[in-house]
Amino acid sequence: MFHSITLCLDMKGCPNRCRHCWMGWGPNRDMPEEDLAAAAADFAPFAESLELHDWDREPDYSDRYRERWELCRRLSGPRPHPPHFELASVWRLVRDGSYAPWLAGLGVEAVQLTLFGGEETTDWYTGRKGAYREVLRAIEILLQNGIAPRIQAFASKRNLSELSQVEALMESLDLDRRCREIGREFACFVHQGSCDGKNMAFYNEWVTPEDLEQIPDRLAAGTLKHFQVKTLLDVFGQTEGNLCRQLLADDSTASYVSDDPVFFIDSGYDVYPNISTPSSLWRLGNWKRDGARAVLDAYAASRSPAQHARLTVPLSQMARSCGALDSRRLFGQEDYITLLLYRHCAASGALTH
């Protein structure tokens, strides 16, 4: 019996094909709405409380987002369903005039929006022409409805020189003042993201310590405040070489099993723990074919290839075979361990999709 189980079903997919997305690019398919009630009924007996969501990539992408929000709330429990995340569908914000007022009615005070630089660069990273202009429209829509936009920027060597355009946009839109006028505080931050999923393709362009000097002052200050740290290195981490040296002396293993697990269920009903990119390395089984009990047993026994490797292979061994002592790329320690784990499992032939 788990303390709680959270299920995130990819009921609709995502309108974007973001090149930095750690979730990867799954197919966009419509799952029957009845799957929400069926999943709740199957998994609820194995937890003291269940939390249900109808998305794992793009929130509120379905035209029935209101009905599904209420359905997920009813099917969750006995612990109350959490408030709406400070994430929203930009795609829907600019196409559905009732969406922002609905978010405000739920008590949403801020919504995170992502930029990578100027228009061409943001469109390229988002994988959809017009994405940048939709972010600009979304900012205005949110402010008109008393919701503060929060600007997130991703950094790699490819787009470092364009971060100044993000700062210039924030200043030209006077977001500090306009957020104060609606009783909110404007926030912004920059980071490199985790090196998994689609973002792994940027490994050769990963930021190094000297690159942090190119982050504009306002964006840097916002980052320190957002993460409540003193230096940008506290956010971006240590060099891969330093981390590798530390892990060469670390013979520990670890279990990813939690008493409060979060699971992704894709449109083909395969189930993955919310640890890294859904792939064959983390697949626990198929809910429809195997059932909830078998999936949860696989999770608890660490049977997915990545879970098993982390439980049985010392970090020192992974660092020795998969690390890069001469690399100056910056990673947080846990993100780097996940990258080493991916490399180890891929080298062993466990990665099939």
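The values are calculated or read from the model by the stated rules, or taken from the named source; none is laboratory data. Keep in mind that what you see is a predicted model, and the values were worked out from it rather than measured. In this analysis, Cβ positions are derived from the backbone assuming ideal geometry, glycine residues included, and neighbour counts consider all displayed protein chains. Accessible surface is based on the protein model in full, side chains and every heavy atom, while ligands, DNA and RNA are left aside. Shrake-Rupley method; radii C 1.70, N 1.55, O 1.52, S 1.80 Å.
Determine the gain in length on full extension of the stretch S316-N204; use 0.36 nm per residue of separation and subtract their C-alpha separation, reporting nm with one decimal.
In short, 38.0 nm is gained.
In whole percent, what relative contact order does the chain give with Cα contacts below 8 Å and a gap of six or more residues?
Details: 621 pairs, mean separation 65.0, N = 353.
For the chain, the relative contact order is 18 percent.
Just the number, please: carbon plus sulfur as a percent of the accessible area of segment 173-224, 1.4 Å probe, no ligands or DNA/RNA counted. Intermediate values should be presented prior to the final figure.
On the way: 1050 of 2310 Å².
Carbon-and-sulfur percentage of accessible area, whole number: 45.
Which whole-number percent is the relative contact order of segment 1-60 (Cα, under 8 Å, 6+ apart)?
Details: 76 pairs, mean separation 35.4, N = 60.
This gives 59 percent for segment 1-60.
Please give the contour-minus-distance gain from M1 to S280: 0.36 nm per residue of separation, less the Cα-Cα distance, rounded to one decimal in nm.
On the way: separation 279, 0.36 × 279 = 100.44 nm, distance 2.57 nm.
Stretched out fully, the M1 to S280 stretch lengthens by 97.9 nm.
Round to the nearest 10 and report in Å² the accessible area of E34, as given by a 1.4 Å probe over the protein chains' heavy atoms.
130 Å²
Among the aspartates and glutamates, which have Cα under 13 Å from the Cα of K225 when same-chain residues fewer than 8 positions away are ignored?
Counting by Cα, and skipping residues close in sequence, K225 has these aspartates and glutamates nearby: E185, D217, D234.
Which one, (i) 53, 52, 33; (ii) 67, 49, 39; (iii) 62, 48, 45, gives Cα extents along the principal axes in Å as derived from the coordinates shown?
Here the calculated entry is (i).
Counting only protein heavy atoms and a 1.4 Å probe, tell me what percentage of segment 302-353's accessible area is made up of carbon and sulfur. Each step should come with its number before you reach the end.
Details: 1230 of 2410 Å².
Answer for segment 302-353 is 51 percent, counting heavy atoms of protein chains only.
Run the reach check for K12 against lysines, Cα to Cα strictly under 26 Å, same-chain hits fewer than 8 apart removed. What comes back?
Reachable lysines: K129, K198, K288.
At a 1.4 Å probe radius, which order do F227, F189, F46 fall into by accessible area, largest first?
Working: F227 80, F189 10, F46 45 Å².
So the residues, ranked largest to smallest area, are F227, F46, F189.
Would you mind pulling out the separation of the Cα centroids of segment 249-315 and segment 107-142, in Å?
Each part's Cα centre sits 33 Å from the other's.
Leaving out ligands and nucleic acids, note down the accessible area per residue over the chain with a 1.4 angstrom probe, in whole Å². Please list the in-between numbers first.
Numbers: 15520 Å² over 353 residues.
With all protein chains present, the chain gives 44 Å² per residue.
Want the number for R73 to E120: 0.36 nm per residue separation, take away the alpha-carbon distance, what's left?
On the way: separation 47, 0.36 × 47 = 16.92 nm, distance 3.91 nm.
Stretched out fully, the R73 to E120 stretch lengthens by 13.0 nm.
How far is it, in nm, from the label point at A324 to the one at D63 when both lie 7 Å from their Cα along the line to the Cβ?
4.7 nm
Give, as ranges by residue number, the residues of segment 208-251 whose backbone N falls under 18 Å from the point 7 Å along Cα→Cβ of E86.
219-230, 235
Restricting to DSSP H runs of at least four residues, report the calculated mean residue ellipticity at 222 nm for the chain, -39500 (n - 2.57) per run over all residues, nearest 500 deg cm²/dmol.
-11000 deg cm²/dmol
No partner Cβ under 4.7 angstrom, meaning no disulfide-compatible partner by this rule: which Cys of the chain qualify?
C8, C14, C72, C179, C188, C195, C244, C322, C345
Mean separation of Cα pairs under 8 Å and 6+ residues apart, divided by the residue count of segment 79-198: what relative contact order is that in percent? Display every interim value, and only then the final one.
Numbers: 150 pairs, mean separation 31.4, N = 120.
Value for segment 79-198: 26 percent.
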